[in-house]
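> Dropping the structure in here first, questions after.
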């Protein structure tokens, strides 16, 4: 994991360090070097008056990954025409494949794919403003599914920063995604405990002292890879190690079938969501929880909602089941 530690351990000069050649530090545009730029950035940081954001550089693809990292992961991001996976379409898919080991340590980047696809409708103006993707850019473009599959098929896990959004779109796009294990780097990592103010990728990157060209799929994938591999003060493990461990745990989904109508506000306040039954699931309020909280939740339902010894339907979920369309 030295590569991750070195990447984020940008040198900081002490308050007593002097810049001996201010003319050389004054800027790269006058012949200065990258080390001059870094020295100037460190000097500004050392004053305590400035925060410096460094450009996040993507890792290089390794042709022969280190053999001690036997497992394969994929970080995936999509850009779409909208938010509804039943009616909207993917216009871009980005993938960064990498190796890792059983301890959740990241190894090498093993492959990269980025592809555009022309949708059946014009790209909405708000999507173009957000992503920079125009109708001209996607004209006659088709995502190379065979090349995409060459990275997806060997993967032990697919990671998305909001897998509940990306997985339904991907499964609607191609069956290659349907039987893979998925993990969510938003909901399955406690970013707050790691000192972050939010879980959006922009927050994570900015608070780590970096910036990148956001809202393009491959760029976001590389940025997320670095966030997953970093180690921050007071953290015993990387975010990826936490995510890898969480992905191996079973979760439960409880359907409060036939719950009293006048209890809907209590269920909603507790985090339950409504399913109208159109997707084949029970028509009811439901919640997803870690398996160890099942008994506690059943006690709540029986004591506070049903007020009798009810047995609501329970579904056990692994990484192969989670984040599907609901």
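Coordinate-derived values only; no laboratory data. Remember, it's a predicted structure, so these values are computed and weren't measured experimentally. No Cβ is skipped: glycine too gets one built from the backbone with ideal geometry, and neighbour counts run over all protein chains shown.
> Give me the number: length gained by fully extending residue 213 to residue 145, i.e. 0.36 nm times residue separation minus the C-alpha to C-alpha distance, one decimal in nm. Don't skip to the answer; put the middle values down first.
Working: separation 68, 0.36 × 68 = 24.48 nm, distance 2.52 nm.
So the chain would gain 22.0 nm between residue 213 and residue 145.
> Based on other C-beta atoms within 10 Å, arrange 244, 215 from fewest to most.
Working: 244 26, 215 18.
Ordered by Cβ neighbours within 10 Å, fewest first: 215, 244.
> Another question, then. Label point 7 Å out from residue 325 along Cα-to-Cβ: which residues of the range 170-185 have amide N under 11 Å?
170-174
> Now, a different point. Using a 10 Å cut-off around each Cβ, can you sort 62, 95, 109, 142 from fewest to most neighbouring Cβ atoms?
Values: 62 15, 95 24, 109 20, 142 10.
Least to most surrounded, the residues fall as 142, 62, 109, 95.
> Set the Förster radius R0 to 45 Å, insert the Cβ-Cβ distance between residue 289 and residue 35 as r into 1/(1 + (r/R0)^6), and round the FRET efficiency to 0.05.
Details: r = 51 Å, r/R0 = 1.14.
In this case the efficiency is close to 0.30.
> For a footprinting-style exposure proxy, rank 231, 47, 78 by other Cβ within 10 Å, fewest first. Before the final figure, lay out the partial values.
Numbers: 231 17, 47 9, 78 22.
Going from sparsest to densest Cβ surroundings: 47, 231, 78.
> Kindly identify the range 124-226 as rounded, prolate or oblate by the Cα gyration tensor criterion: order the square roots of the eigenvalues as a ≥ b ≥ c, call it rounded if a/c is under 1.5, otherwise compare a/b with b/c, prolate if a/b is larger, else oblate.
Values: a/c = 2.09, a/b = 1.22, b/c = 1.72.
Taking the square roots of the gyration eigenvalues as a ≥ b ≥ c, the range 124-226 is oblate.
> Moving to a separate point now. Tell me, in nm to one decimal, what length is gained between residue 103 and residue 60 on full extension, where the rule is 0.36 nm per residue of separation less the Cα-Cα distance? Please list the in-between numbers first.
On the way: separation 43, 0.36 × 43 = 15.48 nm, distance 2.28 nm.
Extra length available between residue 103 and residue 60 comes to 13.2 nm.
> Continuing with this model, one more query. Once both axes come from the Cα atoms, what is the angle between helix 163-173 and the longest principal axis of the chain, in degrees from 0 to 90, rounded to 10?
Tilt relative to the chain: about 80 degrees.
> Given the C-alpha centroids of the range 225-265 and the range 105-179, what is the distance between them in whole angstrom?
Each part's Cα centre sits 24 Å from the other's.
> Compute the helix-to-body angle for 217-229: its Cα long axis versus the longest principal axis of the chain, expressed 0 to 90° and rounded to tens.
The angle comes out near 90 degrees.
> Please check: in the Gaussian network model of the chain (C-alpha springs, under 10 Å), which one of 56, 148, 249 has the largest mean-square fluctuation.
249
> To continue, here is another question. Once the piece of chain linking residue 83 and residue 316 is laid out straight, how much longer is it, given 0.36 nm per residue of separation minus the C-alpha distance between them? Present the calculation step by step, with values, prior to reporting the outcome.
On the way: separation 233, 0.36 × 233 = 83.88 nm, distance 2.69 nm.
Full extension of this stretch gives 81.2 nm more.
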